[in-house]
Amino acid sequence: AIDPNDVLYFAVGRSSTVLLYEEAPGWRLRNNGLPEAMIEKPGAVPRNSLTGRWLSMLPAFAPAAPRDMLVIGLGGGVAVEYVPKTIERIDVIELEPEVLEANRRVAALRNRDPLSDPRIHVWLNDARGALMQTDLRYGAIVSQPSHPWTAGASHLYTRDFFEQVKERLAPGGVFVQWMGLQFVDESLLRSLIATLVDVFPYLRLYQVDRGSMLFVAAVAPLDLEKRVDAVVPLDPAVFGRAGVLVEEDLAAALVLDEVGARKLSVGAPIVTDDHNL
């Protein structure tokens, strides 16, 4: 049970109920009761937050050296808090205005307030609707919606959505997809891999926390590890807080390369809007 004295913010929004409350390491954000993010207190020992840091850090190692990024889903702002300096513009699509307000409630208490970053521009909109309404193309698109097994977010894990993302990538652009592993079994994991491979010729899977996985997809070869030595010195503080200082740090988190991803996905059904698994 949550102690009412620990609640910092609660609101019923247009798409979800949003709850922000204090725990020992920081502040927990929940949407419709589901855990969405942990915002760490200054000085807290990092727990399951490395995935959030890697989410926006991985695109920096793409061969095309992206300068702009689109983030789908603000959550607790962890991903946008750790966007390296190599990215000059960050657009964020957030469906629920109350999530934005919850982040503001702890802006002065956290390590850094991501919403005060002048690079960040927030759109309040549905992700697919927002992508339909823009002709902008990004060097990197990062997607961190809610869990794939929830009805509201499941349409952001389909081939139709991935094709829409592909259209909004600049030449040499890279797509990073978060996926929570809770309630995701082997068959669904294989289908999600197969769906991404069907749209993007190159796909890699990274894992730095037990409960989630990061898919890195592109239409051109990735070779992220080869760029570490050149990119880390451009923002050593951010990369260091994510635990990436040398090429081996990135390589150690690689679960599947392009060949492995294709082998694992052979025979798995594709996830589509009309047949959403």
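The values are calculated or read from the model by the stated rules, or taken from the named source; none is laboratory data. As the structure is a computational prediction, the values presented were derived from the model and not from experiment. All Cβ positions, even for glycine, are placed from backbone atoms using ideal geometry, and neighbour counts span all protein chains on display. Just the protein is used for accessible areas: all its heavy atoms, side chains included, with ligands, DNA and RNA removed. Shrake-Rupley method; radii C 1.70, N 1.55, O 1.52, S 1.80 Å.
K166: which lysines have alpha carbons under 30 Å from its alpha carbon, excluding same-chain residues fewer than 8 sequence positions away? Of all the lysines, those that pass the test against K166 - Cα under 30 Å, at least 8 places apart if same chain - are K85, K226, K263.
Placing +1 on each Lys and Arg Cβ and -1 on each Asp and Glu Cβ, with no other charges, gives the stretch 201-247 a dipole about its Cα centre of roughly 140 debye.
In this rough spin-label picture, where each label sits 7 Å from Cα along the Cβ direction, the L254-A230 distance is 1.7 nm. To check you understand DSSP bridge types, tell me what percent of the beta bridges within the stretch 1-134 (both residues inside) are antiparallel, rounded to 5. Rounded to the nearest five, the antiparallel share is 60 percent.
Peptides 205-212, 188-195 ranked from most to least packed by the mean count of surrounding Cβ atoms within 10 Å: 188-195, 205-212.
Residue-wise HN-Hα couplings along the stretch 8-23, as the Karplus relation 6.51 cos²θ - 1.76 cosθ + 1.60 with θ = phi - 60° gives them from phi, are 8, 7, 8, 7, 9, x, 6, 10, 6, 8, 10, 10, 10, 9, 8, 10 Hz; Gly and Pro carry x. Summed over the residues of the chain and divided among them, the accessible surface reaches 44 Å² per residue at a probe radius of 1.4 Å. For the stretch 100-165, a simple Cβ point-charge model (Lys and Arg +1, Asp and Glu -1, everything else neutral) yields a dipole of about 260 debye relative to the Cα centre.
What is the antiparallel percent of DSSP beta bridges lying wholly in the chain, to the nearest 5?
Approximately 60 percent, going by the DSSP bridge assignments.
Among the helices of the chain, those built from whole DSSP H runs whose Cα atoms reach 18 Å or more along their own axis and whose mean Kyte-Doolittle hydropathy is at least -1.0 are 186-199. Solvent-accessible area assigned to carbon and sulfur over the stretch 121-277 amounts to 54 percent, based on a 1.4 Å probe. For mean projected area of the Cα convex hull in nm², one of [x] 17.5; [y] 13.7; [z] 16.0 was computed from the structure I shared and the rest are decoys. Which label? Step by step, mean projected area of the Cα convex hull in nm² for this structure corresponds to label [y].
Among P42, H275, G129, whose Cα projects farthest towards the positive end of the dipole of the chain, with charges put on the beta-carbon of Lys, Arg (+1) and Asp, Glu (-1)? So the residue we want is P42.
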